[in-house]
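See structure below.
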């Protein structure tokens with residue numbers, strides 16, 4: 001039986017978070033790619049077709065906000081989970097845009113984030 005593996009891009013400048021999420025979602029049956037900078041993320045988004053992007057909001061140089069603005073400008077319709085320690089004002093930034101965004105506070109509960117990923121991809 002042939003099954004399609006869904007692809008997730010995880011973007012975070014903290015290597016520990018990237019490796020943890022990669023291990024978790026690889027074990028859940030997803031193909032996972034990592035990016036540690038906003039520039040690297042945009043390159044991978046342009047080159048690959050992802051089913052979901054897990055994006056740290058506060059990245060150095062090119063922030064998660066700027067990555068989302070580029071995706072919106074290029075009409076890239078990819079669901080995004082924004083991860084941030086400070087989530088209060090983020091939702092308002094994108095309330096009028098045609099993009100599916102869920103915001104998750106760091107530190108996050110792994111069981112909850114696994115459920116969120118599954119619901120957003122399916």
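The values are calculated or read from the model by the stated rules, or taken from the named source; none is laboratory data. All values derive from a computational prediction rather than experimental measurement. Here the Cβ is made from the backbone with ideal geometry for all residues, glycine too, and neighbour counts use every protein chain on show.
Here are some notes:
- Test result for residue 13, touching a residue at least 24 places away in the same chain (Cβ under 8 Å), under 17 Å from residue 79 (Cβ atoms) and either touching a strand residue (DSSP E or B) at 6+ places or on another chain (Cβ under 7 Å) or surrounded by 13 or more Cβ atoms within 10 Å (Cβ to Cβ) (or both): no
- Inside the range 88-122, residues that are modelled with pLDDT under 80 and either touching a helix residue (DSSP H, G or I) at 6+ places or on another chain (Cβ under 7 Å) or more than 20 Å from residue 58 (Cβ to Cβ) (or both) make up a count of 6.
- Unique match (being within 24 Å of residue 110 (Cα to Cα) and surrounded by fewer than 19 Cβ atoms within 10 Å (Cβ to Cβ)) among 80, 32, 24: 24
- Pairing residues of the range 65-84 that are in contact (Cβ under 8 Å) with a residue 60 or more places away in the chain with residues that are outside any loop (DSSP other than H, G, I, E, B) and buried (at least 20 other Cβ atoms within 10 Å of the Cβ), at Cβ distances under 8 Å and at least 6 apart in sequence or on separate chains, gives 83/54; 83/55; 83/56.
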